[in-house]
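*Asks:* I have a structure here, written as structure tokens, and I will follow up with some questions on it.
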Amino acid sequence: MVHFDPNVRMGSSSSLPYDPDQDAAEKRDIRKKYRALEKRTGDQLRPQDIMAAELVEHVEEADELFQKVKNPTEATLDSTVLRNVSSISAQKARAMKLGSAAFDVDDFVSKLAIFMGGRHELADDASELDDIGDSVMDWEKIGRRALAKSRRVPVMGFMLGPLSIEQKKRAQVKRAKLEKSREEERRPQEIKEEDIQRSENETTKNVIKVREILEESGAVNLFRFVINPNDFAQSVENIFYLSFLIRDGLCALEIDDHGEPIIFLCEAPSAQDRADGVTCHQIVMEFDMATWRRAIEVFEITESMIPQRPAAKTRLGGKWYG
């Protein structure tokens, strides 16, 4: 049997300072030894290929290496080795044969007969077992020993319960088939391409409209241009349409001397400009209702530069949605 030494010193917190400047050669040596241990305890190893004493040696070797660990990489290798050892140990424990494999039924019956005052040895010939009668065996002796291990009162019972109760007959229940009426069946509404009526591309139309308004107004504060003080949703849509102009290089954004974001139309860079190093930059802008309200208050916006658009409606299968 293998015994683990309880006095084996595991790495204490005081002996494990983090040292990023640990000698590189020492770290390489520790990693090399840990990887060798990991190879000897890898997942491909079968439990029957290694003895329990070898597992103890691997744990002790890993413990000695752990005293020198001062960085997370080596600590990770140590945990991998211990995980492999634990996995193999668990497999070996499950493979141990105990209980019924070590229990001899004939030996138990022989000792039980001797305990109740019967013959000292049971004959191999089964016919001689008939000589052992109830008068020889002291069954009360084994009964008293058994009662000492159980507090349950012996009772008499019947397999089918009290005799006065008749066994219930299981009734056969016929389940009627559920028939659905064809009239009650409903199918999802089929929508064909011609059911969706679109007079024109709304996005393209609105992008062109935003460009025309910006061209008329010239350089203007970003928030004064896109914010609709009466409709937060349309303010978000205005930013969306403006982003197409910035993406295509038709609109520029810069911060003036007062720290305000200013937008204005510009010419899109040509292929030669891009070859000369001209690049377009885009940003991700966070815009919520709190920002919307704050901008209205700070820039004193009372009306929208971009006219209010009517709510869009779409026809699907004879019904309008908007």
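The values are calculated or read from the model by the stated rules, or taken from the named source; none is laboratory data. Since the model is a prediction, treat every value here as computed from it, not as a measurement. Ideal geometry is used to build each Cβ from the backbone, glycine not excepted, and the neighbour counts take in all protein chains shown. Calculation scope for accessible area: heavy atoms of the full protein, side chains included, ligands and nucleic acids excluded. Shrake-Rupley method; radii C 1.70, N 1.55, O 1.52, S 1.80 Å.
*Asks:* Conditions first: (1) open to solvent by 70 Å² or more (accessible area, probe 1.4 Å); (2) assigned to a helix (DSSP H, G or I). Residue 44 passes all but one, so which condition is the exception?
*Replies:* Only one criterion in (1) open to solvent by 70 Å² or more (accessible area, probe 1.4 Å); (2) assigned to a helix (DSSP H, G or I) is unmet by residue 44, namely (2).
*Asks:* Here is a further query. Among the numbered conditions (1) touching a Phe, Trp or Tyr at 6+ places or on another chain (Cβ under 7 Å); (2) free of Cβ contacts under 8 Å to residues at least 40 places away in the same chain, tell me where residue 78 comes up short.
*Replies:* (2)
*Asks:* Is it fair to say residue 274 is under 44 Å from the mean Cα position of the chain (by Cα) and open to solvent by 90 Å² or more (accessible area, probe 1.4 Å)? Outline the logic, then answer.
*Replies:* Working: under 44 Å from the mean Cα position of the chain (by Cα): no; open to solvent by 90 Å² or more (accessible area, probe 1.4 Å): yes.
Answer is no for this residue.
*Asks:* Which pairs have Cβ atoms under 7 Å, sit 6 or more apart or on different chains, and link a residue in the stretch 255-278 that is without any contact (Cβ under 8 Å) to a residue 24 or more places away in the chain to one that is outside any loop (DSSP other than H, G, I, E, B)?
*Replies:* Every condition considered, the pairs that remain are 255/261; 256/262; 266/251; 266/252.
*Asks:* If residue 255 satisfies every condition in (1) within 46 Å of the chain's Cα centre (by Cα); (2) surrounded by fewer than 13 Cβ atoms within 10 Å (Cβ to Cβ); (3) on the phi > 0 side of the Ramachandran plot but one, which is the exception?
*Replies:* (3)
*Asks:* Do the conditions hold for residue 221, that is, is it at pLDDT 85 or above and within 15 Å of residue 311 (Cα to Cα)? I'd like the intermediate steps shown before the answer.
*Replies:* Values: at pLDDT 85 or above: yes; within 15 Å of residue 311 (Cα to Cα): no.
Against the criterion (at pLDDT 85 or above and within 15 Å of residue 311 (Cα to Cα)), residue 221 does not qualify.
*Asks:* When residue 292 is evaluated against the numbered criteria (1) modelled with pLDDT of 80 or more; (2) surrounded by 10 or more Cβ atoms within 10 Å (Cβ to Cβ); (3) part of a loop (DSSP other than H, G, I, E, B), which criterion, by number, is the only one it fails?
*Replies:* Residue 292 satisfies every listed condition except (3).
*Asks:* With the requirement that a residue be among the acidic types (Asp, Glu) and farther than 20 Å from residue 281 by Cβ, what does the stretch 220-268 give you?
*Replies:* Taking the stretch 220-268 first, the residues among the acidic types (Asp, Glu) are 231, 237, 248, 254, 256-257, 260, 267.
Those that are among the acidic types (Asp, Glu) and farther than 20 Å from residue 281 by Cβ: 231, 237, 257.
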